[in-house]
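Single-structure report; data block below.
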């Protein structure tokens, strides 16, 4: 039976993983940390921003740094669910139907520009992301562990995009916005890609066994009863906020709990603090919420609502 790692060991292995990813990505420490937190929490990651920011580069760098099987799907409007899940076909030589697995049967799946596909194709991933299995023609097939979906998304205001369904968004544990680079970072990008626009593939710095041990180690990070109550209070407050028609689901509450544990482990701590919860709240909750029409007309954002909630819920004080 595999043994989980101590928090200090998790911190050391995460440092090596972060350093490897930074060979492809200039700066963006916060985005890299959020991606690693989603990985350690056994959750899926949604990277959202305008084209050309480095969404796909970050996702590929994380995937290549792991010693896991990897597949990539370029989502387009004509992509069908069978292109994601696989298809049963008739083999004339054997005279039987055979199953040809789709790219979802890999441990790390890069769903590039996921919102360029129709909602029907987007929904093909729902069962896989939640239950780690797929059902095709009445036959349920388990997926390999670990299983991680890294999805990139363009803003819905852009040409040729379809909004992700609420059920799909709720299955992404963390949303990351990379943002434009600083002046110094953009200058470093020019130097790094001066000779070639494509960097060589990264070597894996961790194995499947080590990854599972890190994930198990994160679950041992202690969450005091007062901090657990604080997490529940934050989630409850989103459901009664007058600026929202849809607040955080119980799945979101669990995601906030797990990512707070992972953030504590990244800092080398064996316990979660309220600051961990506050730091993770926007990335975990904002993309799952739906604003009221009045809030949208006033130009409010779900990120602002999360800030309001954090400001209204009393923070537990160490006794």
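The values are calculated or read from the model by the stated rules, or taken from the named source; none is laboratory data. A quick note: this is a predicted structure, and the numbers were derived from the prediction, not measured. Glycine also receives a Cβ, built like all others from the backbone with ideal geometry; neighbour counts cover every protein chain displayed.
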Members of segment 275-307 that are surrounded by fewer than 17 Cβ atoms within 10 Å (Cβ to Cβ) and assigned to a helix (DSSP H, G or I):
275, 293, 294, 296, 297, 303, 304, 307
Could you count how many residues in segment 50-67 are more than 15 Å from residue 110 (Cβ to Cβ) and crowded, with 19+ Cβ neighbours inside 10 Å?
1
Cβ contacts < 8 Å: first residue at positive phi, restricted to segment 244-270; second residue buried (at least 17 other Cβ atoms within 10 Å of the Cβ), any location; separation 6+ or different chain. Result?
268/7; 268/11
Within segment 173-193, residues within 24 Å of residue 249 (Cβ to Cβ) and in contact with a helix residue (DSSP H, G or I) (Cβ under 7 Å, 6 or more places away or on another chain) come out as 173, 174, 175, 176
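A quick yes/no check of all residues on (1) within 24 Å of the chain's Cα centre (by Cα); (2) modelled with pLDDT of 85 or more; (3) in the same structural domain as residue 33 (by TED's automatic domain parsing):
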position: 102; (1), (2), (3): yes, yes, yes
position: 113; (1), (2), (3): yes, yes, yes
position: 125; (1), (2), (3): yes, yes, yes
position: 150; (1), (2), (3): yes, yes, yes
position: 154; (1), (2), (3): yes, no, yes
position: 162; (1), (2), (3): yes, no, yes
position: 199; (1), (2), (3): yes, no, no
Let me confirm something: among 252, 248, 235, which residue is outside the structural domain of residue 39 (by TED's automatic domain parsing), part of a loop (DSSP other than H, G, I, E, B), farther than 19 Å from residue 12 by Cα and modelled with pLDDT of 90 or more?
248
Give 73, 36 a once-over and let me know the one that is within 22 Å of the chain's Cα centre (by Cα) and either farther than 21 Å from residue 265 by Cβ or at pLDDT below 80 (or both).
73
Of 97, 75, 70, the only residue that is over 30 Å from residue 16 (Cα atoms), in contact with a helix residue (DSSP H, G or I) (Cβ under 7 Å, 6 or more places away or on another chain) and assigned by TED's automatic domain parsing to the domain that holds residue 25 is 75
What's the number of the only condition in (1) under 25 Å from residue 25 (Cα atoms); (2) out of contact with any strand residue (DSSP E or B) (no Cβ under 6 Å at 6 or more places or on another chain); (3) modelled with pLDDT under 90 that residue 217 fails to meet?
(1)
In segment 183-209, which residue that is in contact with a strand residue (DSSP E or B) (Cβ under 8 Å, 6 or more places away or on another chain) and not in a loop (DSSP other than H, G, I, E, B) is nearest to residue 44 (Cα to Cα)?
208
Matching residues in segment 216-226 (in a helix (DSSP H, G or I) and crowded, with 20+ Cβ neighbours inside 10 Å) number 2
